[in-house]
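The values are calculated or read from the model by the stated rules, or taken from the named source; none is laboratory data. These numbers come from a predicted model, not from an experiment. FYI the Cβ positions are ideal-geometry reconstructions off the backbone, even for glycines, and counts take in every protein chain you see. Areas reflect the complete protein model, heavy atoms only, side chains present, ligands, DNA and RNA absent. Shrake-Rupley method; radii C 1.70, N 1.55, O 1.52, S 1.80 Å.
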Amino acid sequence: ARNFIGQERIVTLDGELLEASGAMTGGSMNKRTSLHFGTTITTDSDEVDLLYKRIQEIEDIVIQFNLKITENRQKIKDFTEQLNQARQNRQKKQLNLEQWQKENSRIEAEKEKIISNNAQNYQQLVNGKQELAILEQNIPLLQEQLTEKQAQLQELESGYDNQEWQNLQSQIHEQELLLEQQQNLVNEEQKKIQLLVNQCLDIELKINQNKEKLENLIQSQEKIDIEKLSNQEKLILLDQEIEQYEILFQQLAQKLAGIKKERDSQESKLKELENKQQQITWNLEKLLLQHQENQTKLGEFKTQIKEIIPELPNPIPVIPYLINKEGEDNKIIFDNLQEQLEQINKEIRNTQKRLEALEPVNMLALEEYEKNQERLKELSEKLATLQGERTELLLRVENFTTLRFRAFQEAFSAVNENFKTIFATLSEGDGYLKLEDENNPFNGGLTLVAHPKGKPVTRLSSMSGGEKSLTALSFIFALQRYRPSPFYAFDEVDMFLDGANVEKLSKMIQQQAQSAQFIVVSLRRPMIEASQRTIGVTQARGAYTQVLGIKL
C-alpha cells in the first residue's frame, strides 16, 4: 500500500484516512507505533507487556517520590524562613550588642576619667589637710607670741618713752598684718577643703551611679550572651536539620535519577525493538521488490545472452602480454642517476652565487663599529636619565595615590556623617555607609546600611517604595551637603511617601535650597505648599497642555 500513498485515497485498519494531498484525518493514532497497512498483530508480546507494567510501576514510584520531594521542599522552605528570621534577629541583637558595647566603653572611659579626677582631688585634699594641720599647729605659737608681745608692750608702755613706744607699735602692727594674712590663708584653705569634700561627694555619687549603670549593662550583656548562645544552638540545630534534609533530598534525587535512567533505558530498548521490527518489515519488503526486479533482470540477461552467444568464437583465443623487465630496470636506474647529477649541479651554482654576494669586502666596518659604540654610549646615558625620570614619576604617582586615598577618606567620612544625620531626620531611624574593602576602597563598592524606625534590618529589595526613596534621597542630600551642585531636578520623588514623610522631605528641600536650586515635579500638596515658585501644567481643550503660573 505504500506505493499508492500520495496517489490515491487510502484508509488504514485503525481508521486513519489518507488523502491524495497528504492530509490525514479520522481515527486515532497510536504514538508508540507507526502506520500499518494490511493485517497487523494488535496484541503485544509478553515481554512488551512486562515492560509496560514495569514502566507504570516506575511512574507510580516517581509520582510518590515527587510528592515526597515537594513535602521536603516545603519543609526546607519553612526551615529557610525560620533560619532567615533567626539571622535577622541575630543581626538585630548584634547591633544592639554593638551599641551596648559602645555605651559600655564610653562609660568605662568616663569612669577612668572620674577615677583620675578623684585621685587628683584626693591628692589636693590631702595636701590641703596637711597645710591646714601645719597652720593649726602654727596658730598656738602665734597666739603665745602675741600674748608675749602684749606683755612686752605693757612693760614698754610703763617703762619706755614715746619714740620706743612708736617703734613697738609699728612692730605690733606688722605682726598683726602677718596674723591676718595667716588667718586669711587658713580660711581659704578651709574653703578649698570644703570644695574638695563636696567634689569628692559628687564624684562618689557619680561613681555609684556609673557602677549601677555598669552592673545593669553587665546584666544586659549577660542576657544578650545567653540569648546569643541559645540562638547559636538553635541555629546549629537548624543547620543540622537542613543538612539532614539536604542529604535526604540528594538521596531521593539520586534514586529518582536512577529510576528515570532505568525508565529511559527501558523506553529506549522498547523503541529499539520497535525500530528493529519496523526495519525488518521494511527490509523484507525491499528484498521482495529487489527479488522481483532481479527476476525480471535475469530474464532480460538470459534473452541477451541467447542473442550474443552465436556471434562469439568457440573456443576464445588467448592474447599474449610481454614485459621487458630488465630493460625497464636499467631505464629506472639511469633516470635516478640523471636526477642526482642535476641536483649536484644545482647546489654548485647556488654556492657560487652566495660567494659572489659576499663581495666586495667592506673596509669601513671598523669606523662604523666605533660610531655605533659612541651611539651606544649616548643611548646608555639617555637610558639612565629616563630611568631616573621614571623613578621620580613613580614617586609622584605614589604621592598622588596617597593624596587620592586621603581625599576619598575625608569625603567618605563627611558624606557618612551627613547620611547618618539626614536619614535620622527623614526616617527617624539609623543608617550609615559601609565600604566593601576598607583597606583599599577603590577595589570594592559602597553599601548603604539603613534601619528605619520600628523595623528590622532587611535587604533593600524587601523594603517598601517609600523606604527606598527616603534612603536614596538621604544619600543624595548627604552628597549635596558635602559638595553642592548648582541645581537639582527631582521628578516625583515623593510618589511612594505618605503625608508625614512628604512634609519632612519638603522641609529638608527647603533647608537644602539655601545652598542650591531645586526643581521638583510633584503632585503632593505639602510639597507644592512648601515651594517658592509654583508652575502648573494642565490639559487644555483638545490634546494640548497649558502651563500656568500659580500664586499661592
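Look at segment 190-201: where a residue is assigned to a helix (DSSP H, G or I) and a partner is of a type in the set (Lys, Arg) and open to solvent by 90 Å² or more (accessible area, probe 1.4 Å), sitting 6+ places away or on another chain with Cβ atoms under 7 Å, you get Ile193/Lys129. Within segment 258-284, residues that are touching a residue at least 40 places away in the same chain (Cβ under 8 Å) sit with their Cβ atoms under 7 Å from residues that are exposed (fewer than 13 other Cβ atoms within 10 Å of the Cβ) and of a type outside the set (Phe, Trp, Tyr), at 6+ positions apart or across chains, in these pairs: Glu274/Arg32; Gln278/Ser34.
Of the helices (runs of 4 or more DSSP H) lying entirely inside segment 410-529, the ones with 3 or more residues being open to solvent by less than 80 Å² (accessible area, probe 1.4 Å) and either touching a Cys at 6+ places or on another chain (Cβ under 8 Å) or closer than 30 Å to Lys93 by Cα (or both) are found at 465-482, 499-512.
Conditions tested, residue by residue: (1) in contact with a strand residue (DSSP E or B) (Cβ under 7 Å, 6 or more places away or on another chain); (2) surrounded by fewer than 14 Cβ atoms within 10 Å (Cβ to Cβ); (3) within 30 Å of Cys200 (Cβ to Cβ).
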| residue | (1), (2), (3) |
| --- | --- |
| Thr70 | no, yes, no |
| Ile76 | no, no, no |
| Gln101 | no, yes, no |
| Arg106 | no, yes, yes |
| Lys111 | no, no, yes |
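Take the conditions open to solvent by 100 Å² or more (accessible area, probe 1.4 Å) and within 38 Å of the chain's Cα centre (by Cα) and apply them to Lys255. Does it pass? Spelling it out, Lys255 is indeed open to solvent by 100 Å² or more (accessible area, probe 1.4 Å) and within 38 Å of the chain's Cα centre (by Cα). Within segment 276-291, restricting attention to residues that are at pLDDT 75 or above and open to solvent by 100 Å² or more (accessible area, probe 1.4 Å), the residue that is nearest to the chain's Cα centre (by Cα) is Lys276.
The criterion of being surrounded by 12 or more Cβ atoms within 10 Å (Cβ to Cβ) and under 20 Å from Lys68 (Cα atoms) holds for Leu248.
All of Gln182, Gln143 fail the test of being open to solvent by 100 Å² or more (accessible area, probe 1.4 Å), at pLDDT below 80 and over 30 Å from Gln88 (Cα atoms), apart from Gln143. Consider segment 7-58 and keep the residues that are under 21 Å from Gln278 (Cα atoms) and of a type in the set (Gly, Ala, Ser). The one that is modelled with the highest pLDDT is Gly15. Restricting attention to segment 531-552 and to residues that are in a strand (DSSP E or B) and open to solvent by less than 100 Å² (accessible area, probe 1.4 Å), the residue that is modelled with the lowest pLDDT turns out to be Ile550.
Among the residues of segment 192-213, which ones are surrounded by 11 or more Cβ atoms within 10 Å (Cβ to Cβ) and of a type in the set (D, E, K, R)? Lys192, Asp202, Glu204, Lys206, Lys211, Lys213 - these are the residues of segment 192-213 that are surrounded by 11 or more Cβ atoms within 10 Å (Cβ to Cβ) and of a type in the set (D, E, K, R).
For segment 44-52, the criterion of being loosely packed, with under 10 Cβ neighbours inside 10 Å and in a helix (DSSP H, G or I) is met by at least one residue.
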